[in-house]
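Structure record follows, encoded as structure tokens.
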Amino acid sequence: MSAKSAINKVVFTPHDEKMLAAVQVKRRTKKKVPFLATGGQGDYMTFICVSVTNKKPCHVSITKVKQFQGSSAFVKRSQWTIDQLRQVNGIDPNKDCAEFDLMFENAFDQWVAGSAGEKCTFIQILHHTCQRYSATRKPEFVNCQSKLLGGNSILHSAADSVTSAVQKASQALNERGERLGRAEERTADMMNSAEQFSVTAQKLAMKHKC
């Protein structure tokens with residue numbers, strides 16, 4: 001089971017939530033935290049997760065989940081509602097990059113994802129979720145590539161792929177229908193020619209008998 005599947009099963013499913021997206025991240029700048037605040041637990045992996053409740057009205061949360069070295073457990077560390085999210089900064093609108101910032105009412109974090117692709121997928125799903133579920137003011141998405149905000153999204157690309165496949169199949173059927181139609185026409189012409197030849201042959205036979 002992947003880490004993200006495990007997080008969904010352990011952290012969200014017991015609370016009747018489903019995880020929509022998760023990205024493994026590291027801080028771009030080290031945060032000064034007293035030793036006692038960390039509990040001296042050593043290195044850890046951090047995931048930023050987006051989840052939604054199964055029961056309506058739906059509530060969306062953004063949760064920071066950690067897994068400490070040497071432990072298989074996932075620990076929920078911080079959580080915000082989607083309405084507390086103020087800004088998502090994609091850092092560079094002109095190229096793929098792994099860095100992004102999240103600004104909440106009471107927190108600001110600078111992150112770098114495992115890859116540019118993981119970050120892009122996360123921001124795309126987060127943007128879609130905000131558009132669908134934000135009840136009050138929607139957060140700003142700044143310095144994000146247009147493809148992440150609806151232009152050529154994964155969902156649109158998938159839909160376009162399906163549409164393209166249907167169009168190709170339809171075109172192939174139409175072409176096949178045209179070929180069948182032409183074949184039927186040629187068959188009909190041959191049958192007419194054969195019938196005319198038969199009539200002519202019968203007339204010639206009658207003439208010779210006479």
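Points worth noting:
- With 21 Å as the limit on Cα-Cα distance, the pairs of Lys56/Lys119; Lys64/Lys95; Lys4/Lys76; Lys9/Lys64; Lys66/Lys138; Lys18/Lys66 that go past it are Lys56/Lys119; Lys64/Lys95; Lys66/Lys138.
- Label separation (Asn94 vs Asp189): 6.2 nm, computed from points 7 Å beyond Cα along the C-beta direction.
- Förster radius 22 Å - calculated FRET efficiency between Ala6 and Lys26 (Cβ-Cβ, nearest 0.05): 0.70
All of the numbers you see were taken from the coordinates with simple rules; none came from a lab. This is a predicted model, so every value here is computed, not measured. For neighbour counting, all protein chains shown are included, and Cβ atoms are generated from backbone atoms with ideal geometry for every residue, glycine included.
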